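S.K.: Okay, here's the structure, questions in a sec.
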Amino acid sequence: MYLQPVNNLYQSYQYPQLPNAKRNYTIVDQNKVDVFVKQGESALPYISDVLSHSNNEEQITETLYILDRMIDSGTKNIDKMYPVLSRFNNTRSPNIQTFLAGIYRKIQVPDAFGPLVKMLIQNSQNPYPNAFFDPNEEIGGAILSYLSDRFRH
């Protein structure tokens with residue numbers, strides 16, 4: 001299946017919608033998600049390119065959501081994308097933090113543990129006054145998952 005260039009991608013799919021005061025979740029175009037998930041590993045270079053270059057919160061959040069679904073479908077080698085994902089370790093976006101923590105929870109890259117702890121501490125010291133959900137729930141869950149998996153082995 002052919003991957004469309006970044007500039008043309010949003011012309012053929014619904015643009016993502018971030019949470020708002022009436023909805024505490026992101027809306028994505030499920031058809032678009034399915035296209036990427038079906039491509040598996042062959043879509044990773046495109047996903048990596050988007051995450052490496054985009055500064056658009058909606059696009060980043062949607063791409064992280066797609067990556068999360070790819071993990072759930074069994075796509076391999078997503079853990080090797082940590083250098084690209086780590087670009088967002090210092091983000092203050094609760095949307096990006098939530099999906100990033102969910103991905104880290106699943107791929108269990110050792111280098112991601114410290115940034116998760118840092119996110120949780122920073123968010124606790126400087127909470128989001130206008131957030132429509134609490135990203136610390138996912139961040140804390142990812143940290144607990146790391147600890148749980150570590151002590152199980």
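S.K.: Identify the single condition in (1) surrounded by fewer than 19 Cβ atoms within 10 Å (Cβ to Cβ); (2) β-branched (Val, Ile, Thr); (3) assigned to a helix (DSSP H, G or I); (4) touching a helix residue (DSSP H, G or I) at 6+ places or on another chain (Cβ under 9 Å) that Ile121 does not satisfy, given that it satisfies every other one.
M.R.: (4)
S.K.: Pairs only if they're at least six apart or on different chains, beta carbon under 9 angstrom, first in the stretch 134-153 and more than 16 Å from Ile121 (Cβ to Cβ) and of a type outside the set (D, E, K, R), second in a helix (DSSP H, G or I) and open to solvent by 40 Å² or more (accessible area, probe 1.4 Å); list them, first residue then second.
M.R.: Final answer for the pair search is Ser145/Arg105; Ser145/Lys106.
S.K.: Would you mind telling me which numbered condition in (1) open to solvent by 30 Å² or more (accessible area, probe 1.4 Å); (2) in contact (Cβ under 8 Å) with a residue 24 or more places away in the chain; (3) over 27 Å from Arg150 (Cα atoms) Leu44 fails?
M.R.: It is condition (1) that Leu44 fails.
S.K.: Scan the stretch 23-37 for residues that are open to solvent by 30 Å² or more (accessible area, probe 1.4 Å) and touching a Pro at 6+ places or on another chain (Cβ under 7 Å) and jot them down.
M.R.: Selection gives Tyr25, Thr26, Ile27.
S.K.: Are any residues in the stretch 59-85 among the acidic types (Asp, Glu) and either under 12 Å from Lys106 (Cβ atoms) or more than 11 Å from the chain's Cα centre (by Cα) (or both), and if so, which ones?
M.R.: Quick first cut of the stretch 59-85, residues among the acidic types (Asp, Glu) only: 62, 68, 72, 79.
Correct list: Asp68, Asp72, Asp79.
The values are calculated or read from the model by the stated rules, or taken from the named source; none is laboratory data. Since we're looking at a predicted model, the values are computed, not measured. Don't worry about glycine lacking a Cβ; one is built from the backbone with ideal geometry, like all the others, and counts go over all protein chains shown. Side chains are part of the model used for accessible areas, which takes the heavy atoms of the whole protein and leaves out ligands, DNA and RNA. Shrake-Rupley method; radii C 1.70, N 1.55, O 1.52, S 1.80 Å.
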